[in-house]
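Trainee: Below is a structure I'd like to ask you about.
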Amino acid sequence: MKGLETMAAENGECILQERYGTTKKAAAFYNKQMLDHLNGMMTKFISEQSMMFISTADSKGSCDSSFRAGLPGFVRIIDEKTITYPEYKGNGVMASLGNILENPQIGLMFIDFFEHCIGLHVNGKASIIENSQLLSLDLSENILMDIHEKEGNKAERWVLIEVEEAYIHCSKHIPKLQQADKEILWGTDDEKQKNVDFFKEK
């Protein structure tokens, strides 16, 4: 989605809004529901979430989507324009981080399936931060203590995001789910536990 600052330029959103007669409706959304920062309700919402979906693209525009999860509040709010999340041990492909290295644009999608059935889009520019660089971010003592207590040595590195857009994803089509207990084996390399051959592609 393009922010208000780009609405004067002809782009895909504007072309289709004109074609399908939704220009007025879209303008109301831009004006009333899209922010260039996180407000208090948004920061509270993010601090309660234990998962999100991310989207990235490389320098040629080839896209990738992925899933990230952690303890509630694993995405830390630095300020209204800056957030960061940990990268845990994965499959070593580095698809999302590789895209960020080529193209910093990122889209985050938070969805609360369990209580409010509401979503939050956060779009912005991302950069890769090593653990040794965290102190250079001038994080508050509360954030540093929270990271130390909850992350331990699980986080291999971090993604820092400069927020450019934040807006609601309405609850209309979001199902309400019931959360069940599951043991999370952070960072395991056990292929049976990871169920890596579920789709029988080997």
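Trainee: So, in the stretch 163-202, exactly how many residues are open to solvent by less than 100 Å² (accessible area, probe 1.4 Å), within 27 Å of LEU120 (Cα to Cα) and not aromatic (Phe, Trp, Tyr)?
Mentor: Residues flagged as open to solvent by less than 100 Å² (accessible area, probe 1.4 Å), within 27 Å of LEU120 (Cα to Cα) and not aromatic (Phe, Trp, Tyr) within the stretch 163-202 amount to 13.
Trainee: Restricting attention to the stretch 41-79, which residues are within 19 Å of ILE128 (Cβ to Cβ) and acidic (Asp, Glu)?
Mentor: Of everything in the stretch 41-79, those that are within 19 Å of ILE128 (Cβ to Cβ) and acidic (Asp, Glu) turn out to be ASP58, ASP64.
Trainee: Please list, ordered by first then second residue, the pairs with beta carbon atoms under 8 Å, 6 or more apart or interchain, first in the stretch 26-47 and at negative phi and among the acidic types (Asp, Glu), second open to solvent by less than 40 Å² (accessible area, probe 1.4 Å) and not in a helix (DSSP H, G or I).
Mentor: Within 8 Å, the pairs are ASP36/GLY3; ASP36/VAL163; ASP36/GLU165; ASP36/ALA166.
Trainee: If I filter the stretch 122-131 for residues that are touching a strand residue (DSSP E or B) at 6+ places or on another chain (Cβ under 8 Å) and in a loop (DSSP other than H, G, I, E, B), do I get at least one hit?
Mentor: Pass one, the stretch 122-131, residues touching a strand residue (DSSP E or B) at 6+ places or on another chain (Cβ under 8 Å): 122-131.
Subset that is in a loop (DSSP other than H, G, I, E, B): none.
Within the stretch 122-131 (the criterion being touching a strand residue (DSSP E or B) at 6+ places or on another chain (Cβ under 8 Å) and in a loop (DSSP other than H, G, I, E, B)), the answer is no, since none of the residues qualifies.
Trainee: In the stretch 139-171, what residues are more than 21 Å from the chain's Cα centre (by Cα) and charged (D, E, K, R)? If you could, list the steps in order and put the result at the bottom.
Mentor: So in the stretch 139-171, the residues more than 21 Å from the chain's Cα centre (by Cα) come out as 140-142, 145, 148-149, 152-153.
Those that are more than 21 Å from the chain's Cα centre (by Cα) and charged (D, E, K, R): GLU141, GLU149.
Trainee: Restricting attention to the stretch 83-102, does a residue exist that is open to solvent by 40 Å² or more (accessible area, probe 1.4 Å), closer than 18 Å to TYR167 by Cα and at pLDDT 95 or above?
Mentor: Within the stretch 83-102, none of the residues are open to solvent by 40 Å² or more (accessible area, probe 1.4 Å), closer than 18 Å to TYR167 by Cα and at pLDDT 95 or above.
Trainee: Failed condition for HIS116, given (1) at pLDDT below 95; (2) open to solvent by 50 Å² or more (accessible area, probe 1.4 Å), with all others met?
Mentor: The one condition HIS116 does not meet is (1).
Trainee: Any idea how many residues of the stretch 150-174 are free of Cβ contacts under 8 Å to residues at least 40 places away in the same chain and either in a strand (DSSP E or B) or at positive phi (or both)?
Mentor: Of the stretch 150-174, the ones free of Cβ contacts under 8 Å to residues at least 40 places away in the same chain are 152-153, 172-173.
Now restrict to residues that are either in a strand (DSSP E or B) or at positive phi (or both): 152.
Residues meeting the conditions: 1.
Trainee: Let me ask something else. For the stretch 34-73: of the residues being open to solvent by less than 30 Å² (accessible area, probe 1.4 Å), in contact with a Ser or Thr (Cβ under 7 Å, 6 or more places away or on another chain) and assigned to a loop (DSSP other than H, G, I, E, B), which is farthest from ARG157 (Cα to Cα)?
Mentor: Once the filter is applied, the top-ranked residue is GLY73.
The values are calculated or read from the model by the stated rules, or taken from the named source; none is laboratory data. Here the structure is a predicted model, which means the values were calculated and not measured. Using ideal geometry, Cβ is built from the backbone for each residue, glycine included, and neighbour counts are taken over all protein chains shown. What goes into the accessible areas is simple: the full protein's heavy atoms, side chains included, and nothing from ligands, DNA or RNA. Shrake-Rupley method; radii C 1.70, N 1.55, O 1.52, S 1.80 Å.
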